[in-house]
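Quick notes on the structure that follows.
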Amino acid sequence: MDILEHPNPALKQTALDVDPSCDSELPRLVKAMAHAMHEAPGVGLAATQVGVQKRVIVFDVDDGVVALCNPVIVDRSAETEVEDEGCLSLPGITVPVERAYSCVCEALDLKGEPLRLEAEGFVARVLQHETDHLDGVLIIDRAEPAERRAAMRRYRELGESR
């Protein structure tokens, strides 16, 4: 399973909701996504990054792989922080991105059971980053204009050297 890279148009599409109780392909998709994420290596991956327009993300932040279907950030803290973020679809670059320090994410598990995750710090950042992907939003879309231009210049230079 290949991870799509910018400027692939699939990365800008909005993913469609899934019904885990009816989609027998989801466990296989999640397993393949987790493998691709670990091989990259990364800590999170959205289905849109592998060309599958389903609202599914996986992430692994020390506690093993977590798969979420139809994740929605339902609450964000007023407190924010700016940190450099990288992305498997923009390899080799990072940009400062402002995110809520904590968030609440509601989703379904692979059996269709509702989940509610209350996260802060790095995990909250990963959830916000991956759910952004499902809406066609990349880290460069969240960067300040000057940072975006500099990141895209670096990205093009890296692409020319590959």
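You will find that of PRO71, PRO20, the residue that is in contact (Cβ under 8 Å) with a residue 60 or more places away in the chain, over 30 Å from PRO145 (Cα atoms), touching a helix residue (DSSP H, G or I) at 6+ places or on another chain (Cβ under 7 Å) and of a type outside the set (A, V, I, L, M, F, W, C) is PRO20 and no other.
For ALA107, the conditions (1) without any contact (Cβ under 8 Å) to a residue 40 or more places away in the chain; (2) within 18 Å of LEU11 (Cβ to Cβ) all hold with the exception of (2).
Taking first residues from segment 75-90 that are within 25 Å of ARG154 (Cβ to Cβ) and touching a residue at least 12 places away in the same chain (Cβ under 8 Å) and partners that are among the charged types (D, E, K, R) and in a loop (DSSP other than H, G, I, E, B), the Cβ contacts under 8 Å between residues at least 6 apart in sequence or on separate chains come to SER89/GLU5; LEU90/GLU5.
Consider segment 120-139 and keep the residues that are of a type in the set (Val, Ile, Thr) and touching a strand residue (DSSP E or B) at 6+ places or on another chain (Cβ under 6 Å). The one that is nearest to GLU85 (Cα to Cα) is ILE139. One residue stands out in segment 21-53 among those that are assigned to a loop (DSSP other than H, G, I, E, B) and charged (D, E, K, R): the one that is surrounded by the fewest Cβ atoms within 10 Å (Cβ to Cβ), namely GLU25.
Note on segment 69-162: enclosed strands (runs of 3 or more DSSP E) holding 1 or more residues that are under 22 Å from HIS38 (Cα atoms) are 80-86, 94-100, 114-120. Restricting attention to segment 115-131 and to residues that are surrounded by fewer than 16 Cβ atoms within 10 Å (Cβ to Cβ) and not aromatic (Phe, Trp, Tyr), the residue that is nearest to ALA67 (Cα to Cα) turns out to be LEU115. Out of LEU134, LEU158, one residue alone is of a type in the set (A, V, I, L, M, F, W, C), surrounded by fewer than 20 Cβ atoms within 10 Å (Cβ to Cβ) and at negative phi. It is LEU158.
Every number here is computed from the coordinates shown, using simple stated rules; none is lab data. Quantities reported herein were computed from a predicted structural model and do not represent experimental measurements. Positions of Cβ are generated from backbone atoms using ideal geometry, with glycine treated the same way; all protein chains shown enter the neighbour counts.
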